[in-house]
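The values are calculated or read from the model by the stated rules, or taken from the named source; none is laboratory data. Please read all numbers here as calculations on a predicted model, not as lab measurements. Here the Cβ positions follow ideal geometry from the backbone for every residue, glycine too, while neighbour counts run over all protein chains shown.
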């Protein structure tokens, strides 16, 4: 059973999500909170696997709440909910440790799939979507004129660095395998080693890492 905590300052939104999630055989909403500060308190009393986190809330927004939650031991996975056209916090939330982001008007089946994917330990944001997201929020990234930080990937092998760049370019594991003429399982192994060596949680953070260290640039 996937235990979910809902964090949104709108009661109606939380009620709608609760009805949908509790109707699933493999999900249950264990608690709700109306802002980030309340979410942190709730998570001290309730064990959760996934947190659906709104961005714009009073007292403490979803970005700061995500940062604090993900910094703790045995942290639940956090999915940030955003209106996208209005909220420019999605990229910062990914840096704070969120496993991905969803639009608030996401179709129900996509939300349910995303929760299951994140619970399984993967990122909910597809590589191509991640690329578009980071391109949109390029203002948060380093100066494009800055030289790549070679120290950032010093622990990686040449092949692992190559795979990292392809992940950051929006390639799926299957596409990377085809480009490098290797098996998809080999690519998965490389990605796993990259995450371990760079102390990253998932491929979303790997993309963010590559951009932050000047290995790739928004719009390229």
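Look at residue 100 and say whether it is modelled with pLDDT of 90 or more and either within 17 Å of residue 111 (Cα to Cα) or buried (at least 21 other Cβ atoms within 10 Å of the Cβ) (or both).
Criteria not met by residue 100.
Show the residue pairs meeting these rules: Cβ distance below 6 Å; 6+ apart or different chains; first residue within the stretch 1-14 and free of Cβ contacts under 8 Å to residues at least 40 places away in the same chain; second residue surrounded by 12 or more Cβ atoms within 10 Å (Cβ to Cβ) and assigned to a loop (DSSP other than H, G, I, E, B).
Within 6 Å, the pairs are 14/8.
Could you please find all residues in the stretch 114-128 being modelled with pLDDT of 70 or more and in a helix (DSSP H, G or I)?
Selection gives 114, 115, 116, 117, 118, 119.
Quick test of your reading of the structure: residue 4 fulfils all but one of (1) touching a helix residue (DSSP H, G or I) at 6+ places or on another chain (Cβ under 8 Å); (2) farther than 23 Å from residue 206 by Cβ; (3) surrounded by fewer than 23 Cβ atoms within 10 Å (Cβ to Cβ). Name the failing condition by number.
(3)
If residue 21 satisfies every condition in (1) farther than 25 Å from residue 212 by Cβ; (2) modelled with pLDDT under 90 but one, which is the exception?
Checking residue 21 against (1) farther than 25 Å from residue 212 by Cβ; (2) modelled with pLDDT under 90, the one that fails is (2).
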